[in-house]
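Here is the structure we will look at, set down as C-alpha cells.
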Amino acid sequence: MREIRLHNTLTGKTEPFVPLHPGEVRIYTCGPTVYDYAHIGNFRTFIFQDVLRRFFEAQGYRVNQVMNLTDVDDRIIAKAAAAGVTIREYTEKYAQEFFADCKVLGLEPPERWVRATDHIDDMVELIGRLQKRSFTYSSDGSIYFRIAKFPGYGKLSKIDLTGIQAGARVDVDRYEKENARDFALWKAPKPGEHFWETRIGPGRPGWHIECSAMAMKYLGETLDIHSGGVDLAFPHHENEIAQSEAATGKPFVRYWLHAEHLLLESEKMSKSAGNFYTLRDLFAMGHKPSSLRFLLASVPYRRQLNFTMDGLQQAASSVERLRNFAQRLAEAKFPPAKRGEERAVQKLAERSAEEFDAGLADDLNTAQALAAVFELVREANIAMDRGELRQEDVAPAKAVLDKFERVFALIKDDDATRLAELGLGAAPDGPSDAEIEALVAQRQAARKRRDFTEADRIRQQLAESGILIEDTRDGGVRWRRK
Ligand SMILES: [Zn+2]
C-alpha cells in the first residue's frame, strides 16, 4: 500500500498514517447540529471527509466511519422549547434535510449515522466511569469535569492553562479558549426544558460527552482518525480527549484532522450576520451540485477557502471540461499507433496517475491531484485536435479519469436528477439516453446517404429537447444535454 501522510493537529506534524488494525481505517467525524439547515462552510468539512474516505477506499482500505448528528445541545433545547415541540420533532426535519443535502453533493454515507438522543445510556455510563475515577464533581444538580485532574488538558489546542482558576466552571456548550474551565458533562434540568431521568440524576448531556460516548462505542477506545472543522478543536475536541482518556487511561485518537474555515467573498461566514449560503440558496440561483462539489474539494483542506461566485463559475467550467473530455475519449475513434511512434499522451497519462495518487497521499493535496488530471486533459485534447491521439492512449487516459472519479465523483452528469430528488427543478425530462443515441444514429445514417435535410431536422429536434450535438473531426459525433 502507498504511504499516506496526514497532518495531525495533536503533534503539529504531517505523519505517515499507520492504522491500528491492518487494512482498516476507523474514522469518527463530528456531524451537524441539526437545529437549522447546514451551510456551505459546514459542507467544506464534509466534502473533505468524503474525499478522505474515498481516497482510503481507492487505496484498498476498509473504511469504518461513524458520523453523529448532534440532536441535543443548548441551541436545540432552546429552540425546541420555544417552538413547544419535542427535541425529536424539532430536529427531525433538519436531520432529513441534511441527509438530502449530503446526497445531492454526492457524499458517500458513513458506515453508521448516530444520533446523540439514541445514546443517552452510553453517555450516562461514561460519566459514571469518570465519577468512579474522581474526575468529576457535582454542583446544583449538574456534573462537571475537573480539568485540573487531567494533566493532558490543552494538548490538542495548545492552550495556556496558567491563570485558570481551579474550580471555575462553564455551563454553555460553546466557549472560547480564554474561558477554558471545568465543563459540564451533565446538566441539571431547567424549567420547561426536556430532560432524561437517569441513575446519575435527572438532566441532559453536555455536548462534548456525546461524541466521546458514541465514538468509543462503535470504533473502540482508541480510534485512528477523528476529524472536524478547525473551530471544533477547542473546546469540543479538547474536552472529548479529556473525558475519553480520563475514563479509559488509553489514547483516544491517533490522528486528529481539522479542516480550515471557508470565507465568503473574503469575509468569515456568519449565520448571525446573515453572511452565509445554504446549498438550496445556491441551487435556487441556478448553480449545480457538481460545481459546488468541485469548488469545495479543489482547495486542500488545511487552506482557507475563499468562496466567491466567480470561483463557482470557474468550477462549473472545470467540471464541464472534464465531462467533455471523458465523452470525447469514450466516443471518438482513434487509429492504432504507428510502429516506433512517440507515445507522449500515454506517458503523460501514466505520470498523471502517479501524481494524482501522490498528491492525495500528501495530506490530501487535492490541488496537486487536480493539476495532474487537468494537464492530461489539456495535452490529450491538443493531441486529439491534431489527429495525433492513438488507440493505445485511450486506456491509460481513461484510467486517470477512473481514479479521479473514484475520489471526486464529478464526471457522471447527474446534476439534474440530484436536484430533482432535492425537490428543486424538474426531473430531467425529454428523451432518455437511449432515445438520443437512436436519433443520433439516424442522423448519422442520413448524413451518410447525403440526406442533409433529414440530418438537420433531427439536429433541430434534439436541440428543442436541450440536446446539443457536435460533429467531430474524425467523422464521429458527440452529444450532451444543455
Ligand atoms: Zn463531536
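Do we find a residue being within 30 Å of VAL373 (Cβ to Cβ) and either touching a strand residue (DSSP E or B) at 6+ places or on another chain (Cβ under 8 Å) or touching a residue at least 12 places away in the same chain (Cβ under 8 Å) (or both) anywhere in the stretch 451-459?
Narrowing the stretch 451-459 to residues within 30 Å of VAL373 (Cβ to Cβ): none.
Checked the stretch 451-459: no residue is within 30 Å of VAL373 (Cβ to Cβ) and either touching a strand residue (DSSP E or B) at 6+ places or on another chain (Cβ under 8 Å) or touching a residue at least 12 places away in the same chain (Cβ under 8 Å) (or both).
Residues of the stretch 229-246 being under 18 Å from PRO205 (Cβ atoms), within 16 Å of the ligand (Cβ to nearest atom) and not hydroxyl-bearing (Ser, Thr, Tyr), which ones? Can you show your working first?
Step one: of the stretch 229-246, the residues under 18 Å from PRO205 (Cβ atoms) are 232, 235-244, 246.
Now narrow it down to the ones that are within 16 Å of the ligand (Cβ to nearest atom): 232, 235-244.
Result: LEU232, PRO235, HIS236, HIS237, GLU238, ASN239, GLU240, ILE241, ALA242, GLN243.
Identify the residue in the stretch 318-334 that is over 26 Å from HIS287 (Cα atoms) and not acidic (Asp, Glu) and, among all such residues, is modelled with the lowest pLDDT.
Kept after step one, since they are over 26 Å from HIS287 (Cα atoms), are these residues of the stretch 318-334: 329-334.
Next, only the ones that are not acidic (Asp, Glu) stay: 329-330, 332-334.
On the way: LEU329: 95, ALA330: 92, ALA332: 87, LYS333: 90, PHE334: 94.
Top of the filtered list is ALA332.
Only one residue in ARG343, ARG323 is among the basic types (Lys, Arg) and within 19 Å of ASP414 (Cβ to Cβ), so which one is that? Spell out the reasoning first.
Numbers: ARG343 fails: within 19 Å of ASP414 (Cβ to Cβ).
ARG323 is the lone residue from the list that is among the basic types (Lys, Arg) and within 19 Å of ASP414 (Cβ to Cβ).
Considering only the stretch 155-188, state which residues are within 13 Å of ILE143 (Cβ to Cβ) and either assigned to a strand (DSSP E or B) or modelled with pLDDT of 90 or more (or both).
Step one: list which residues in the stretch 155-188 are within 13 Å of ILE143 (Cβ to Cβ), which gives 169, 171, 182-188.
Listed by number, the residues that qualify are ARG169, ASP182, PHE183, ALA184, LEU185, TRP186, LYS187, ALA188.
One line per residue, one yes/no per condition, for (1) within 26 Å of ARG146 (Cβ to Cβ); (2) among the small types (Gly, Ala, Ser); (3) surrounded by fewer than 22 Cβ atoms within 10 Å (Cβ to Cβ):
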residue: HIS208; (1), (2), (3): yes, no, no
residue: THR222; (1), (2), (3): yes, no, yes
residue: SER227; (1), (2), (3): no, yes, no
residue: PRO235; (1), (2), (3): yes, no, no
residue: SER244; (1), (2), (3): yes, yes, no
residue: LEU257; (1), (2), (3): no, no, no
residue: LEU263; (1), (2), (3): no, no, yes
residue: LEU282; (1), (2), (3): no, no, yes
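Which one of GLY23, GLY31 is more than 16 Å from the ligand (Cβ to nearest atom) and in contact (Cβ under 8 Å) with a residue 12 or more places away in the chain? Even if it seems obvious, please write down each step before you answer.
Details: GLY31 fails: more than 16 Å from the ligand (Cβ to nearest atom).
It is GLY23.
Of (1) of a type in the set (Val, Ile, Thr); (2) within 16 Å of the ligand (Cβ to nearest atom); (3) not in a helix (DSSP H, G or I), THR45 satisfies all except one. Which?
Every condition holds for THR45 apart from (3).
Of all residues being within 16 Å of the ligand (Cβ to nearest atom) and touching a Lys or Arg at 6+ places or on another chain (Cβ under 9 Å) in the stretch 175-203, which is nearest to ASN239 (Cα to Cα)? Just the residue, please.
Just the residues of the stretch 175-203 that are within 16 Å of the ligand (Cβ to nearest atom), to begin with: 175, 183-185.
From what's left, touching a Lys or Arg at 6+ places or on another chain (Cβ under 9 Å): 175, 183-184.
On the way: TYR175: 12, PHE183: 8, ALA184: 10 Å.
Out of the qualifying residues, it is PHE183.
The values are calculated or read from the model by the stated rules, or taken from the named source; none is laboratory data. Remember, predicted model here, so these are calculated numbers, not experimental data. Glycine gets a Cβ as well: all are built from the backbone with ideal geometry, and neighbour counts include every protein chain shown.
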